[in-house]
Structure formats: structure tokens, C-alpha cells
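Trainee: Shown below is the structure under consideration.
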Amino acid sequence: MKHRLQRALAILAVMAAALPLCAQSPFGKVTPLFETTVYHENGSTFTGRITKQEFGGYLHIETNRVCIYINPQTIKRTEEKKVKYEDLSTWMACYVLEHNLLQGSAYERYVDLVDIYTEDDKYTNAIRTPQADGTVFYTMVYHGTFRIPLNDVTETRKELPGPYDEEYVPEVVKTVGGDTYVGTVTRQKANGQITMVGDDWKVVLDREDIVSRTKDLGEKGFENPVLEQFTDIITFSDGEEIKGKLLGSGVEDGKLHYILYDPSDESTYQVTPDNITSIKTEYKATNGFTKYSKYTYLNNFIVPNAITKAEGTTSFPDTKLALPLPEGIRVSFYHLTKAFGTDWHLVPLERVKDARGNERWGYKNDMVAKQNIRASRYKNEEYEYSAEFDYLSPGYYVYINPDYTEHYVFKVTK
């Protein structure tokens, strides 16, 4: 099978070598695999998964968040509204907590949203995002597909992997000078220039310096579970289609080629860019909010087991990573396989002196049963468990399992 295609736009390399990454945040979370942010020339950004490129035409991206510029002259009217925290979608609820956008009092927390009506479109549940120069953008946190002209794309970016991104796959970039870099391509401009970051280094490479870009599948090789998550479909001008998994791209004898893995016969081969009309990526998992069985979630954010120091009959959980939640919203612990029942203890922390006489947040072990706060409701179904607390006053809290081996710390703020 031999096809000779015209040299693809530089943006294609981003899709062909897309990597699962996790956005870094003080809130623990896992973002969808293959997440990319596409930058439009008007300043708009589209964050999600690239699903298709029409050669010489458009880029399709399935988003979970967009920050879009709307020409004020096209706006016919806007409708302001206040939406309660409990009525927000999962992604929107996470977004407003991360960006401290909730308003109101402990009796009712809400976020200001706006619906925008233009001559051609309607944008719902948008957040006004004013810029320093006075320009107003609108952030929308929802799933949708946008079709963006390739000529309007200025660059794409990815975040460095976060602490919970266990499915991260690094990328290998080889240069004309014989250097090899293994890390994360965090930025690619439309002219093909890339920025690559490692543990303690960063390098900027122009397109003409790059010999190849490929996924590093590690010791698992073609059995790496990431390969199961997507299938690429290449369509040619004669209507022929080939399916496989694009592992990257390279240059040989001055000509660009793509490296395609065919799982049906476990082989790899080169596809040279000529007569391609589109490349489409189908993802196995939906781009929704995914929860993993190994983690405990607090209001849809991963909450780690806090390191706890015991001194006699007093325990001091580490509060440095305590998740901040505003007073008045429902506090919910969730786990896919771990049951939360009445034998778990939610305990308010107090200022207690340690062995050195310093005051720290902690609790007296013999007070756990007396200070135990019962959940407003429990959900105990097969493989899905939660404990919800309708109201907690400001302060630090720790959620403890019956064996005292797990401590989940958070704080409620005014």
C-alpha cells in the first residue's frame, strides 16, 4: 500500500502524536486522555480532543472547555442569570471551584452566567472573562464540537502530566544533529516550531531541526493500554480508507511520512502524505467526566490520603494539601469500590499542641467517636459509594476510615 500525499500542515503532527496529559492544579484531578488546547488567531481557546483534520480546510475538536471571543457587533442580546452550585454540571462545578467563582452566602452559593444571542448562534451558560485590555471573552464548560479553519490556528498546547496521570505516554523527538529528547511537547506553533519539556530541561526546536516525533510506549510496547483508547482513520481522495494508530511522524530523504501501527497484524508501516483528504480519530472512551476506581473523590476532585503523624493519643494529619470548599455547598465523598458507612468518621480538627509545644491542626483519638459528624445521606450501591454532608461550618476536617489508615483532609472556608 503506497500513497504519496502533499506535505501536511504542521498542525497535523500534533494530532498524530497526541499524548494523554493532565492539567496541573491545586485540585487533584485527571483530565481526559489526549487533551489539547487549540489557540485561535482571535485569542479564543478550545480545550479537548482533536477528532478530525480536513486537509486544506478545518480542524475538529471535541471540547470540554472553551474560552471564546464573540464580536460585540454580532451580539443581539444577552440574558444574565444566577445558577445554584447544586444545579451546575460536573465539569462546571469543578471549574468554578478551581477559579473561585462562586458567589453568595453560606445560605445559597451561585455563579453568574450569561446566555448570548448572536445573529447566527446562541451560547448558553457562559462565564464572562474580561481581559486586561478591556476585551471580553466568554468561557463555557461543556461538551461540544467546534470546526476551526486551519489557517486560523496559531498554535496548540498541552499541560505537563500531573501526579494522577498514570496513563501518560512521553514523546521521543530526534533531531538532525543527532540529539534525542524524551519528554512532553507542551507547545507547537503553526509553523512547526515545538517546545519540549523534561524533568529539569526545556528545548525549543524548529520544524527543519526535527527528524522524527514518536510516542514512547515504554516496556509495554504495542501492548500499552493507551493504544486501545483510539483508532485513526486516514481517508484518501479516491475514497479509500485505512485504519490504525498513528504513532508519530518522521522525515526520510527530505519527505514527510507518518508511522501507522496496524493492530490486526501487529505491524507498522509508513504512510507518505499525498492525496490525503482527512484524518479522523475515534476514541474508545467518551470525553465525559471519568472517575477511576483506585481514587477517592471529594466533590469530584481526587483527594489523597493525608500523611498523618501520631503522638501518643493525638494525631496530626498533614493539612498542606487540604482541598478548600466554600461554606454552604454540599460536601461529597465518592469511591467506585470503597464503601463509606457509619463506621467512617468525619471529625473537625482543632488546634492541638504537639510534643514540641507547637499548635497544629489535629485531633484527640479518644474524641473521634464523640465528635463524629454523621453524613446527611449515604449511597451504597454495587461499585458506587458516597457520603454527603449538606452543611459544614468553616474549619478543617478529616474523614477517617475505621482502621485509621486513611485520612482525607479538607477545609471549609467562609
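Trainee: Report the Stokes-Einstein translational diffusion coefficient (µm² s⁻¹, integer) for segment 120-215, Rh taken as the Kirkwood radius over Cα pairs, at 4 °C with viscosity 1.567 mPa s.
Mentor: It diffuses with D of about 79 µm²/s by this estimate.
Trainee: Pick from 314, 145, 296 the residue whose mean-square fluctuation is largest in a GNM of the chain, springs joining Cα atoms under 10 Å.
Mentor: 314
Trainee: Further question on the same structure: Tell me, in nm to one decimal, what length is gained between residue 83 and residue 283 on full extension, where the rule is 0.36 nm per residue of separation less the Cα-Cα distance?
Mentor: Working it through step by step, the gained length comes to 68.8 nm.
Trainee: How long is the gain from residue 379 to residue 291 if the chain were fully straight, where each residue apart is worth 0.36 nm and the alpha carbon distance is subtracted?
Mentor: My answer for the length gained is 30.1 nm.
Trainee: Oh, and also: Among the listed pairs 29/379; 82/294; 122/379, which are separated by more than 32 Å between their Cα atoms?
Mentor: On the way: 29/379 22 Å; 82/294 36 Å; 122/379 38 Å.
Going by Cα-Cα distance, 82/294; 122/379 fall outside the 32 Å limit.
Trainee: Could you work out the relative contact order of the chain, using alpha carbon pairs under 8 angstrom and six or more residues apart, expressed as a whole percent?
Mentor: 15
Trainee: Given the rule -39500 (n - 2.57) for each run of at least 4 DSSP H residues, summed and divided by the residues of the chain, what is its mean residue ellipticity at 222 nm, to the nearest 500 deg cm²/dmol?
Mentor: Helices in the chain give a 222 nm mean residue ellipticity of -1000 deg cm²/dmol.
Trainee: Show the residues, 5+ positions off or on another chain, whose built amide H is closer than 5 Å to the amide H of residue 142.
Mentor: 65, 66
Trainee: Oh, and also: Quick check: pseudo-label points 7 Å beyond the Cα along Cα→Cβ at residue 390 and residue 309, how many nm apart are they?
Mentor: Going from the residue 390 label point to the residue 309 one covers 4.0 nm.
Trainee: Would you please state which residues of segment 336-368 a label at residue 406 would reach in this model, taking the label point 7 Å out along Cα→Cβ and a backbone N cut-off of under 16 Å?
Mentor: Under cut-off, by backbone N: 336-347.
Trainee: Would you mind working out the magnitude of the charge dipole of segment 61-152 relative to its Cα centre, with +1 at each Lys and Arg C-beta and -1 at each Asp and Glu C-beta, to the nearest 20 Debye? Before the final figure, lay out the partial values.
Mentor: Working: 10 positive and 14 negative charges, 22 e Å.
So the magnitude is around 100 debye.
Trainee: Under a Cβ-only charge scheme (Lys and Arg +1, Asp and Glu -1), can you give me the dipole magnitude of the chain about the Cα centre, in debye to the nearest 20?
Mentor: The calculation lands at about 1140 debye.
Trainee: So what's the net charge close to residue 159: Lys and Arg +1, Asp and Glu -1, counting the other residues with Cβ under 10 Å from its Cβ?
Mentor: In short, 0.
Trainee: Report, in whole Å, the centroid distance computed from the Cα atoms of segment 151-226 and segment 301-351.
Mentor: One Cα centre to the other: 37 Å.
Trainee: As a quick test, which of the pairs 215/291; 220/280; 284/309; 84/411 have an alpha carbon distance above 32 angstrom in this structure?
Mentor: Over 32 Å Cα-Cα: 284/309.
Trainee: Starting from 0.36 nm per residue, how many nanometres of slack lie between residue 233 and residue 114 once their C-alpha separation is accounted for?
Mentor: That works out to 39.0 nm of additional length.
Where a number appears in this text, it was derived from the coordinates with a stated rule and is not lab data. Computed from a prediction, not measured in an experiment: that's the story for all the values here. Counting neighbours? That spans all protein chains shown, and the Cβs are built from the backbone with ideal geometry, glycine included.
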